[in-house]
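J.: Structure provided below as structure tokens; questions to follow.
The values are calculated or read from the model by the stated rules, or taken from the named source; none is laboratory data. This one's a predicted model, so the numbers in the text were calculated from it and none came from an experiment. Note that each Cβ is placed from the backbone with ideal geometry, even for glycine, and that neighbours are counted across all protein chains shown. Just so you know, the surface numbers come from the protein's heavy atoms only, side chains and all, with ligands and any DNA or RNA stripped out. Shrake-Rupley method; radii C 1.70, N 1.55, O 1.52, S 1.80 Å.
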Amino acid sequence: MFKTTLLAGLLACTTLLPAYAADASQAEDFVETQAQGVITVLQDMRAGEREMAEVKADFRDRINELADVDRITNFVLGRYRRGAEPATLEEFQTVFREFAINVYESELTNYSGQTLDVTGSVTRDENDWVVRSQVSGGPDGEVYEVNWRVQERDGTLKVLDAQVAGVWLAQTQREQITSVIGNAGGNIQAAIDTLCGRIQDQDADDYARVCEG
């Protein structure tokens, strides 16, 4: 009787332990591998030792492995996604995807050639973590904190936001984009035009491909 009660108690305690502890470790490994890959390929972009078109294609592939750009796109539209015309939504998704990839390139290029080390994580919810990392090894000798919001869906880990220099990129983009749309009376085209202007400032070739094509 005592053994049975003890076994039942141990089982009850086991079920109270976080079922996603191992997944947190996997989220950390995912960031350490994928984010380091992004930073490494940016070194190739800066060094100019490979064809730029090849490097940018490599960078895009790595960003798509790291981040769920489609979900980020839906997030930044907020409530304006509901009821949007399919053609307008598709145009916004195309333009924002280009803009978001360019933002990752711009924000992370300062760390190109450096080393990313994961220092831990915070579990927000089951299948939802903030992975903390430090980037070091640059010529200035500084150590930079970069955090990553990671979620698991259908067995796949993806970054939904990144905090660089204390700023969450997707959250900031959402605030800016919904403000533009709100000031335009709910017109998503206003956000598309604004994003195209920013893409033009970032890269004329990208602007011609996604905004004039």
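J.: Given Gly186, Ala84, Thr123, which one lies farthest toward the positive end of the charge dipole of the chain, if we put +1 on the Cβ of every Lys and Arg and -1 on the Cβ of every Asp and Glu?
T.: Going by the Cα projections, it comes out as Thr123.
J.: What is the packing order of peptides 199-207, 80-88, taking the mean over residues of other C-beta atoms within 10 Å and listing the highest first?
T.: In descending order of packing, they fall as 199-207, 80-88.
J.: How large is the helix-only mean residue ellipticity at 222 nm for the chain, computed as the sum of -39500 (n - 2.57) over DSSP H runs with n ≥ 4, divided by its residue count, in deg cm²/dmol to the nearest 500? Please report the intermediate quantities before stating the final value.
T.: Working: 8 runs with 127 residues, N = 213.
Computed ellipticity for the chain at 222 nm equals -19500 deg cm²/dmol.
J.: Enumerate the calculated ³J(HN,Hα) couplings along region 97-103 in order (Karplus 6.51 cos²θ - 1.76 cosθ + 1.60, θ = phi - 60°), each rounded to whole Hz, writing x wherever the residue is Gly or Pro.
T.: My calculation for region 97-103 gives 4, 5, 4, 5, 5, 5, 5 Hz in order.
J.: Which whole-number value in Å² is the accessible area per residue of the chain, probe 1.4 Å?
T.: On the way: 11770 Å² over 213 residues.
It amounts to 55 Å² per residue over the chain.
J.: Please report, in debye to the nearest 20, how large the charge dipole of the chain is about its Cα centre when each Lys and Arg carries +1 at its beta carbon and each Asp and Glu carries -1 there.
T.: Values: 19 positive and 36 negative charges, 177 e Å.
Taking the Cα centre of the chain as origin, the dipole is about 860 debye.
J.: Check Asp161: other-chain or 5+ apart residues with amide H under 5 Å from its amide H, H built from backbone geometry?
T.: It is Arg149, by chain and number.
J.: For region 27-127, what class follows from the C-alpha gyration tensor (a ≥ b ≥ c being the square roots of its eigenvalues): rounded when a/c is under 1.5, otherwise prolate if a/b is larger than b/c, else oblate? Don't skip to the end; give the middle numbers.
T.: On the way: a/c = 2.95, a/b = 1.31, b/c = 2.24.
Verdict is oblate for region 27-127.
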